[in-house]
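A quick write-up on the structure given underneath.
The values are calculated or read from the model by the stated rules, or taken from the named source; none is laboratory data. Keep in mind that this is a model prediction, so the values were computed, not measured. Reconstructed Cβ throughout: ideal geometry from the backbone, glycine too, with neighbour counts over all protein chains shown.
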Amino acid sequence: MNNFSYFNPTTIHFGKGQIASLKDELANYSRILIVYGGGSIKRNGVYQQVMDALSQQQVFEFSGIEPNPHFETLIQATELAKQKEVELILAIGGGSVIDGCKFIAAAACYQSDAWQIMETGGACIEQALPLGCVLTLPATGSEMNKNGVITRAATQDKLSFGSDLVRPRFSILDPEVTNSLPAKQIANGVVDSFIHVLEQYLTYPVNAKVTDRFAEGLLLTIIEEGPLALQQPHNYEVRANLMWAATMALNGTVKNGVPTDWATHAIGHELTALYGLDHAQTLAIVLPALWRYKQQQKHAKLLQYAKRVWQLDDANEQQCVEQAITLTEQFFNAMGVASKLSDYQLDQSHIEAVIDKLTEHGMTALGEHKDISPEDVRKILELAL
Ligand code: NZQ
Ligand code: ZN
């Protein structure tokens, strides 16, 4: 097992009616900026619940954070936060709104060009406004981690940053608010959270038994509950289990003591920035192809995954591994997320730009062994055509 340091100070309020706990959480703040997306919170009653809980505070609003949040939009919200001298940012939404609010929280305290936050991966952040979250879409784990992913639309750059200073102070997870999600977003969340676990699990063995078995537990839960969320959209227990699984998938728990990959995410972010695919769609395309390309290096973990997660016991190890990759791809497809570039009208001619962007962003040595070069990415994407 590898060495690790683990820190996660975010308070979680989980369950029905928990939005009311905002009252206590925010008792010591008087000027609050609430930030949300395109308006789903107004249609499903979440906005009203939040406003009811904030009756004692002076509340300012910024709406219109788009999926894959744009730097250009966030800068406007940052100006509002500064102008109104707000004391706390309250994000109400999915990963895009929460990531956007992490950026706003840091940018509001940053004196120079705020894009430097992205260029330095968050290293230049020395101060940030406190952040709280009301999560409406279980997927990214942003509600309990220190990372954000921001897109500069003008240049098609989608970059990540991270800082302990932007970790949410608290996050409210009420599974009932996910009832209004369209099937496509439920599916995206299932695929994204599943792949978060896999990017931290499917590398090479280091005998980290606790972390491996936590990861396998999350994978089994997501396989069990994902399809049920589509079949029984109003099943609270299903929503609750998926919501907590998605948070646990990327809050540091399954990173402890193990190597991590993240090549699928790096490649996927470029596909979104260039061609506008949803985050989860890009991952469903890249992951199976990357596994096929790196099958030998990942053999031991693929076999463990085949046996423990898919219960495959074929004596032929090679067949077991291949079957596990196929079952994974079928799982994404069964959720309604297609897993080939051609499913999204992309072909060979779209690969070069991905390679160029990865190179421009210095992403030239990806994966747990840092041995995936841009040329390897080309071959991986060719396997996904
Ligand atoms: O904007 P509104 O109207 O709220 O609609 C949103 C949006 O259109 C809608 N939605 C959210 N909750 C809803 C709802 N609709 C009905 N009912 C609800 N309860 O869903 C749409 C998508 O929302 P978005 O926040 O974009 O989705 P997601 O949570 O999947 O976030 C994706 C973003 O997170 C980044 C991705 O790259 C992408 O930019 N990621 C962040 C990570 C992190 N911070 O750790 C890690 C991830 O790997 C990922 O990269
Ligand atoms: Zn993701």
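Restricting attention to the stretch 126-146, which residues are touching a strand residue (DSSP E or B) at 6+ places or on another chain (Cβ under 8 Å) and more than 17 Å from L250 (Cβ to Cβ)?
Of everything in the stretch 126-146, those that are touching a strand residue (DSSP E or B) at 6+ places or on another chain (Cβ under 8 Å) and more than 17 Å from L250 (Cβ to Cβ) turn out to be L129, P130, G132, V134.
Touching a residue at least 24 places away in the same chain (Cβ under 8 Å) and over 19 Å from the mean Cα position of the chain (by Cα): is that true of Q323 in this structure? First the steps, then the outcome.
Details: touching a residue at least 24 places away in the same chain (Cβ under 8 Å): no; over 19 Å from the mean Cα position of the chain (by Cα): yes.
No.
Return only the number of the condition from (1) touching a residue at least 24 places away in the same chain (Cβ under 8 Å); (2) under 16 Å from A306 (Cα atoms) that R213 does not satisfy.
(1)
Hand me the list of helices (runs of 4 or more DSSP H) wholly inside the stretch 166-262 holding 2 or more residues that are more than 21 Å from S339 (Cα to Cα). Explain how you work it out, then say what you get.
Numbers: elements: 183-201, 209-231, 236-249.
Of the helices (runs of 4 or more DSSP H) lying wholly inside the stretch 166-262, those with at least 2 residues that are more than 21 Å from S339 (Cα to Cα) span 209-231, 236-249.
Can you tell me which of A306, A280 is within 15 Å of ligand 2 (Cβ to nearest atom), surrounded by 23 or more Cβ atoms within 10 Å (Cβ to Cβ) and modelled with pLDDT of 95 or more?
Numbers: A306 fails: within 15 Å of ligand 2 (Cβ to nearest atom).
Within the list A306, A280, the selection yields A280.
Condition check: under 23 Å from G367 (Cα atoms) and surrounded by 23 or more Cβ atoms within 10 Å (Cβ to Cβ). Does A289 satisfy that?
Details: under 23 Å from G367 (Cα atoms): yes; surrounded by 23 or more Cβ atoms within 10 Å (Cβ to Cβ): yes.
Answer is yes for this residue.
Looking only at the stretch 67-82, decide whether some residue is buried (at least 24 other Cβ atoms within 10 Å of the Cβ), within 24 Å of the chain's Cα centre (by Cα) and under 18 Å from S21 (Cβ atoms).
Looking for residues that are buried (at least 24 other Cβ atoms within 10 Å of the Cβ), within 24 Å of the chain's Cα centre (by Cα) and under 18 Å from S21 (Cβ atoms), one finds none in the stretch 67-82, hence no.
L290 - would you say it is within 16 Å of ligand 1 (Cβ to nearest atom) and not assigned by TED's automatic domain parsing to the domain that holds A154?
Numbers: within 16 Å of ligand 1 (Cβ to nearest atom): yes; not assigned by TED's automatic domain parsing to the domain that holds A154: yes.
Answer is yes for this residue.
Just a yes or no: is a residue in the stretch 104-121 over 23 Å from G17 (Cβ atoms) and among the acidic types (D, E)? Spell out how you get there, then give the answer.
Of all residues in the stretch 104-121, those over 23 Å from G17 (Cβ atoms) come to 104-121.
Subset that is among the acidic types (D, E): 113, 119.
Yes - at least one qualifying residue is present in the stretch 104-121.
Residue under question is I267, and the condition is that it be away from ligand 2 (no atom under 16 Å from the Cβ) and either in a loop (DSSP other than H, G, I, E, B) or within 24 Å of the chain's Cα centre (by Cα) (or both); does it hold? Walk me through how you get there before you give the answer.
Working: away from ligand 2 (no atom under 16 Å from the Cβ): no; either in a loop (DSSP other than H, G, I, E, B) or within 24 Å of the chain's Cα centre (by Cα) (or both): yes.
Criteria not met by I267.
Do you know which of the residues in the stretch 171-202 that are in contact (Cβ under 8 Å) with a residue 40 or more places away in the chain and surrounded by fewer than 21 Cβ atoms within 10 Å (Cβ to Cβ) is nearest to A240 (Cα to Cα)?
Step one: list which residues in the stretch 171-202 are in contact (Cβ under 8 Å) with a residue 40 or more places away in the chain, which gives 171-181, 183-202.
If we keep only those that are surrounded by fewer than 21 Cβ atoms within 10 Å (Cβ to Cβ) as well, we get 176, 179-180, 183-185.
Details: E176: 8, N179: 11, S180: 14, A183: 16, K184: 18, Q185: 16 Å.
By that ranking, first place goes to E176.
What about S180, is it within 13 Å of ligand 1 (Cβ to nearest atom), out of contact with any strand residue (DSSP E or B) (no Cβ under 7 Å at 6 or more places or on another chain), of a type outside the set (K, R) and farther than 29 Å from G226 by Cβ?
Details: within 13 Å of ligand 1 (Cβ to nearest atom): yes; out of contact with any strand residue (DSSP E or B) (no Cβ under 7 Å at 6 or more places or on another chain): yes; of a type outside the set (K, R): yes; farther than 29 Å from G226 by Cβ: no.
Spelling it out, it is not the case that S180 is within 13 Å of ligand 1 (Cβ to nearest atom), out of contact with any strand residue (DSSP E or B) (no Cβ under 7 Å at 6 or more places or on another chain), of a type outside the set (K, R) and farther than 29 Å from G226 by Cβ.
Just checking, how many residues over the stretch 315-337 are farther than 22 Å from E224 by Cβ and surrounded by 14 or more Cβ atoms within 10 Å (Cβ to Cβ)?
Of the residues in the stretch 315-337, the ones farther than 22 Å from E224 by Cβ are 315-319, 321-322.
With the extra rule that they be surrounded by 14 or more Cβ atoms within 10 Å (Cβ to Cβ), the set shrinks to 317, 321-322.
Summing the residues that are farther than 22 Å from E224 by Cβ and surrounded by 14 or more Cβ atoms within 10 Å (Cβ to Cβ) in the stretch 315-337 gives 3.
For the stretch 216-251, name all the residues that are surrounded by fewer than 19 Cβ atoms within 10 Å (Cβ to Cβ), at pLDDT 95 or above and not aromatic (F, W, Y).
E216, G217, L220, I223, E224, P227, L228, L230, Q231, Q232, N235, E237
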